Structure formats: structure tokens, C-alpha cells
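The values are calculated or read from the model by the stated rules, or taken from the named source; none is laboratory data. Remember, it's a predicted structure, so these values are computed and weren't measured experimentally. Please note that ligands, DNA and RNA were not included when accessible areas were found on the heavy atoms of the full protein model with its side chains. Shrake-Rupley method; radii C 1.70, N 1.55, O 1.52, S 1.80 Å.
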Amino acid sequence: MTTPRRACVSLLLLVVLPGCLLCGTAAQFVQFQSVGEAELLLQIKRAWGNPPMLTAWSAATSAAGAHCTWPYVGCDSAGRVTRLNLGSINNATTGPVPDAVGGLSSLAHLDISDNNINGTFPTVLYRCRSLQYLDLSRNYIRGELPDDIGHGLGPNMSMLNLRNNEFIGTIPASLSRLRNLQYLMLDINRLIGTIPMQLGQLTNLETLGLADNLFDAAQLPASFKNLTNLVSFQVDHCNLVGDFPSYLVKMPELEELVLSYNSFTGTMPPEIWGLKKLEWLDVSNNNFTGDMVVDGFAAMSLVMIDVSQNKLTGMIPKVFGHLKNLTYLDLSNNNFSGEIPMSIGRLPSLVILSLFNNRLTGTLPPELGKHSLDLSDVDIGYNNLTGSIPEWLCSGSQLQSLLASSNRLNGSIPIGLAKCGTLLELSLENNQLSGVVPQALWTEGKLLMVFLRNNRLTGSLPVMMSNNLMMLDIGNNNFVGRIPKVALGLMHFNADNNQFSGEIPPHIGYGMPLLHQLNLANNKLSGNIG
């Protein structure tokens, strides 16, 4: 009679506790119910190899309620563990999610992100019916997401972050059952198939990230038009095709929209600029065409605009020069024409300006850098720009890169630019610059790379160049004087077609020990290269 009685007990447990089917045997459940929560935490610690960061989790301090004072642990008034915040604690946790976690019946918040968690998706969490917040991001969890994930996780889930793991397979349609989700991140995995239309049922979503997966070529589901509460939508690197999804312009809460590195075609809808809360717009690396029309512009809070690597035409909208919060403007690798709006030179928050490889004409805004005290990178190469280099580019002492090659710039190199102590890269080749290059350019900065080829510049080089300088190309100019004797960091030195004279420094290889390329042709030099 013993065996039938055991079967009866098991059956009773199955009837009363159906969730056990999802998370292990009834015996395991009874075991966890009979173990105190302090002991469960100690089991978790042991399963993860007793990491030093959890030293304070100790049986010696496990008196009633003491576990609630342990670091990374939060409890309710009854002493039940409701929070575990183990994210980013120096990779303290290694191994799969321990079964003991499932015994924490009141656990509502679990963060074990940015560690060395491995194994497969921890279905042990299905026992945690109070779970609302789950962050497993930036780990090494692999395998397919369970088909029943939307049934197994508690109905109160509001945040699910699985980004930056090694998940494979398709996105389970059952995720659509988590109707209280406000935050869903599945990006940077190896998910395949297509994005399920059922995700459009998650109408409470505020953040949705699906970027950097291996999806099949497809359009975004039309059902996403229902996601009108979205604040952040990231679907870059998703192999998406078709026109710009028109429903996106009807999402009034949208602050961040990232559609980059896909194969979208057609024009950009002018209504996108009517989203008043939009701060971050990245549609780069697609196949958008046509002029960038900005009728009804209301997105005055924009911080970042990146439409690079498309086939856009027309003029740069003047309204861009009135965006007080704009820090990043990248219009490079398109077919924009006309002049750069002078107002862009007065943007107070601008940090990065990239207009590379368009058909722009006219001059650079003369006040560029004067009002943008954090300006760090300017790339306006491969256009048809004329006029002089603005004096104010480094007025904020933050400029690191000026790339202006292959234009028709004239005048001299400003002394303010030459004295820029933060400048690392200067590319002015293939222009019509003239005059003496200030000695400060060679002596007062931290320059790594200087490209001045094909201008009409003159001046001389110091005997000892900065140890930072790695690449120097000043060919096809009018430099005079002697060749430097010492440039300890220099790897590439091209000074052909100038007016250098005197003897080539004997044993130049000792003064330039890292040199791989040297071109001194067509000067007035004598001696041998040693």
C-alpha cells in the first residue's frame, strides 16, 4: 500500500500546485518550502563558487532576519527576499542560475547582469510568481528561448532584459502573453527567423530592443502600430526591408528611434520631424532617397541626428542650426548639396559634426567652435567647400579631430588650431592652403596623425618631433629647412616634392626607430640614408 499512497500525495501536489510542472519535481518544491531563505541564499552562493563579493553572506550571520542586511539583498517587512541586485559586481557570479533561486517565492526583482552566467534560460524562475523585473543581460546564456516563456514567467513581469547573450532560435510568440511588459530587450543575440507579429500585442511597452540579431529579411510587423506607448525603439542590424514604417510617426512618446544598418528604401516621411519628444534619431546605413523635407518641424529636443550612408539629396535643413541640445550631427555619405547653414556654427551643445562625402559648397560657418565649447570631432572632407578654416575650432580646448581633406579650402592654418593641445588627427590634404605652418603645430600638441599633402604650405620642421606623432604626410608643398633628426614614434613619413635641403640625418633609423615608410624624393637633400 505504500506505493499507491505516494502516488496519491504526488497527485494532490500536482492538483494544488500546477506550477510545479514548469519548474521541477514536487519533491524539489517541498524541499525549498522547508528551507529558510537565508539558507537558500547560501545555496546560491555555494553554487556560484563562493565568490569574494558575497563573503558577507555567511551562516554565522544567518540569525532570523539577518539575511535582509546582507549586501545585494532586499526584503519585505516579513523578511522574505524580494530583491537580488547582483548585476555588475566584478563578474562575481559564474555558472548557471542555481535552482535555489526558484525557492525565493516572493522574489520580485532579480538583476544578475554583466557577470559570467552560462547555461540555458533558467526556467527555475517560473516558480517565482511574484517576479516583475528580470535582468540577465551581458552574460553567456545560450540555447533557445523556451516556447512557453510567456506562460512560465509571472503575469506581473514589467521588465525583461536578455540582451547581449548567446540565445539562438526564434523569438517565442508566447512573449505576447506578458501584457504588463514595459521593457523588453532581446538585442545582441543570435536569434533567427522573423520578428513575431504577436509582439504588437504588448501595448504597454515603452522600450523594445531587437537589434543585432540574425533575422531573415522581412518588414517590421504591421501590428507594431499598436505600440503607441513606445519611448525607445531599437531595431538596427535586423535585416529589415521595405519603406520607412509609417506608423512610427504616430508614436507621440517616442524619444529614441534606431533603424540603422538595415535595407529600408523610399523617402523619409516629413512627419518624423513632428515628434515633439524625439531626442535620438538614427536611420544611417539604409537606402533612403529623396530630399530631407522637414515641414512641421517640432522635434526641438533632438540630441542626435544620424542619417549617414544613405542616398539623401537636397540642402541641409536650416532648422538644424536651432537645435540647442544637438550634440551629434552626421549627414555624411549622402548627396546633400548647397551651403552649410551658418547657424550650425552657433550650436551651443555640438560635439560631433560629420558632413563627409557630400556635394556641399560655400564656406565653413566662421563661428564653428566659438559657441560649441565641447566640440571634439569635425569631418567635412570630400566636398567642394571654399574659404578659410575657422579660427575658433578649438576654443573649448576639446577638439580631437579635424578632417577636411579634398575640398578647396584656402588661407593659412590658424594659430588657434596649431596650438590646440587636444588635437590628435589633422587631415587637410588636397586643398589650396598656403602660408607658413605655425611651429606650435609641431611642438605644443599631442598630434598622432598629420596629413597636409597637396597644398601650398611652407615653413620648417623642428629637429625633434613629438614622440606622439605616428604618421606625417606633407608631400607636394613648399616646406624648407632640414629633415628632423628625432621622431621616436614616427612610422610613416612622406615629405616628397618640397624644398628641404641639407644633409639627410646620418643614422636616421636610430632617430626614427619605428619608421616603416619614408619618402623624401624631389627635395634638395644630400647624403645617404643610414
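Entry comment: accessible area of segment 134-230 is 39 Å² per residue, from protein heavy atoms only and a probe of 1.4 Å. Report in % the part of the accessible area of segment 174-255 that belongs to carbon and sulfur, leaving out ligands and nucleic acids; probe 1.4 Å. Carbon and sulfur together cover 44 percent of it. Taking every full run of DSSP H in the chain, the ones that stretch at least 20 Å from end to end by Cα along their long axis and average -1.0 or higher on the Kyte-Doolittle scale are 2-16. Share of pairwise Cα-Cα distances greater than 40 Å in the chain is 47 percent (whole percent).
Evaluate 2.2 N^0.38 Å with N set to the residue count of segment 175-218, then give the Cα radius of gyration divided by it.
Details: Rg = 10.7 Å, N = 44, 2.2 N^0.38 = 9.3 Å.
Working it through for segment 175-218, the quotient is 1.15.
With all protein chains kept in place, the per residue accessible area of segment 363-504 amounts to 38 square angstrom at a probe of 1.4 angstrom. Here the accessible area of segment 417-507 is 54 percent carbon and sulfur, with a 1.4 angstrom probe and all protein chains present. Solvent exposure of segment 284-353 amounts to 36 Å² per residue of accessible area, where only protein heavy atoms count and the probe is 1.4 Å. Separation of the alpha carbons by more than 27 angstrom is noted, of K318/K446; K446/K524; K419/K485, for K318/K446; K446/K524.
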